[in-house]
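Participant: Let me begin by handing over the structure; questions about it come next.
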Amino acid sequence: MKLIRDIFAEKKALGKPVVSFEFFPPKTDDGDRNLLEKQIPALLATKPDFCSVTYGAGGSTREKTLMIVDRIQREHRLTALAHLTCVNHTQAEVQALLEKFQKLGCKNILALRGDPPGGGEFKATPNGFEFSAELVKFIRDAGDFSIGVAGFPEGHIANKNGKLADWRHLQEKVEAGADFVLTQLFFDNADFFEFRDHVTKKLGVQVPIVPGIISILSAAQITRFTQLCGSKIPASLKTKLDELAKDDEAAAKFGIEYATQQCEELLRSGVPGLHFYTLNKAYSTVQVLKNLKLA
Ligand SMILES: Cc1cc2nc3c(=O)[nH]c(=O)nc-3n(C[C@H](O)[C@H](O)[C@H](O)COP(=O)(O)OP(=O)(O)OC[C@H]3O[C@@H](n4cnc5c(N)ncnc54)[C@H](O)[C@@H]3O)c2cc1C
């Protein structure tokens, strides 16, 4: 399987965007089957460049991340990116995990700090990592992995010193060895453009910065998500979602149109790729890609 930094270089040379999909490990065997046998094959028809699998706060879904990454790579022949967080991990545990990744041919890691299970303030595990930049450096020293990190166009929700302080920390992650940035979802492209201009022009970050896109599936769901991750819903979008609060089908149709328009403007601005939060459901993302003629 390829290193994702090489995928970005190849697609850049071709003048084409890198398209990636994010999944989360299902909690049940039925969920696994639905993801691996229905949703992923439907999405593969659009010929993505890679996909990523999130890492849970603890428990059995953590082991599933690597299992799903491995099955995607072996059964679907698609490069996969394993998310990994600092939550409840010592450095020795991360070292053991990295050895496992290497054995399975998993060469790509999204290095994250993660959030404490159950909320509250993050506390580093003794002999663990306090910030994701430390995890990036650790992985960089451990072997030839391609490493991605998270970026926050509106600033990270927990940074009390504001978005400029958060963006400086993004620069530190890149200096520690990150090859690319995948952003948090956002609904106002102006936020992404301000963020990208600042980190590239003022802070000199040179690695690909890929916008994270979600095609809204329902008003209630996106309200819940944005409350958790701190992304704002612009007033005009909020009005529309209020109108569609009781009609999920219409909300999903509107979500496809909104995401399509967002992506069209982002592509015109020269983004190196699009990272879709699929929520383990293929339909809306496939429609957006068809609208963009990227399927
Ligand atoms: C694309 C994407 C994928 C994600 N996938 C997952 C996942 O699979 N599992 C999961 O649990 N979570 C996931 N998250 C959520 C992420 O783990 C949380 O948002 C977490 O709170 C921040 O992670 P980080 O890697 O940005 O942390 P960090 O970069 O460590 O930053 C955390 C906070 O500390 C601040 N900070 C950083 N360095 C310093 C420093 N030196 N001094 C002081 N403050 C500092 C930052 O500004 C920020 O406020 C994902 C987020 C994104 C955008």
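Participant: Go through segment 231-290 and give me each residue that's β-branched (V, I, T) and in a helix (DSSP H, G or I).
Facilitator: Initially, segment 231-290 is screened for residues β-branched (V, I, T), giving 233, 239, 256, 260, 271, 278, 285-286, 288.
Across segment 231-290, the qualifying residues are T239, I256, T260, T285, V286, V288.
Participant: Same structure, new question: Would you pick out the residues in segment 73-84 that are closer than 17 Å to F145 by Cα and either aliphatic (A, V, I, L, M) or touching a helix residue (DSSP H, G or I) at 6+ places or on another chain (Cβ under 8 Å) (or both)?
Facilitator: Within segment 73-84, L78, T79, A80, L81, A82, H83, L84 meet the criteria.
Participant: Cβ contacts < 9 Å: first residue part of a strand (DSSP E or B), restricted to segment 170-187; second residue of a type in the set (F, W, Y), any location; separation 6+ or different chain. Result?
Facilitator: F180/F8; T183/F152; T183/F192; T183/F195; Q184/F152; L185/F225; L185/Y277
Participant: Scan the helices (runs of 4 or more DSSP H) fully inside segment 1-95 and keep the ones with 3 or more residues being at pLDDT below 95 and within 16 Å of the ligand (Cβ to nearest atom).
Facilitator: 60-76
Participant: Could you pull out the residue among K163, K100 that is more than 7 Å from the ligand (Cβ to nearest atom), at pLDDT 95 or above and within 19 Å of E63 (Cα to Cα)?
Facilitator: K100 is the lone residue from the list that is more than 7 Å from the ligand (Cβ to nearest atom), at pLDDT 95 or above and within 19 Å of E63 (Cα to Cα).
Participant: What's the number of the condition E130 fails, among (1) of a type in the set (D, E); (2) near the ligand (Cβ under 9 Å from one of its atoms); (3) assigned to a helix (DSSP H, G or I); (4) surrounded by fewer than 17 Cβ atoms within 10 Å (Cβ to Cβ)?
Facilitator: It is condition (3) that E130 fails.
Participant: Within the group P211, P234, which residue is surrounded by fewer than 17 Cβ atoms within 10 Å (Cβ to Cβ) and touching a Phe, Trp or Tyr at 6+ places or on another chain (Cβ under 7 Å)?
Facilitator: Numbers: P211 fails: surrounded by fewer than 17 Cβ atoms within 10 Å (Cβ to Cβ).
Residue meeting the stated conditions: P234.
Participant: Please determine, by comparing only the residues of segment 28-70 that are under 15 Å from T278 (Cα atoms) and polar (S, T, N, Q), which one is surrounded by the most Cβ atoms within 10 Å (Cβ to Cβ).
Facilitator: S52
Participant: In segment 263-281, which residues are crowded, with 18+ Cβ neighbours inside 10 Å and more than 16 Å from the ligand (Cβ to nearest atom)?
Facilitator: C263, K281
Participant: If we scan segment 221-228, do we find a residue that is buried (at least 19 other Cβ atoms within 10 Å of the Cβ), away from the ligand (no atom under 15 Å from the Cβ) and more than 15 Å from the chain's Cα centre (by Cα)?
Facilitator: yes
The values are calculated or read from the model by the stated rules, or taken from the named source; none is laboratory data. Everything quoted here is computed from the prediction, not taken from an experiment. Don't worry about glycine lacking a Cβ; one is built from the backbone with ideal geometry, like all the others, and counts go over all protein chains shown.
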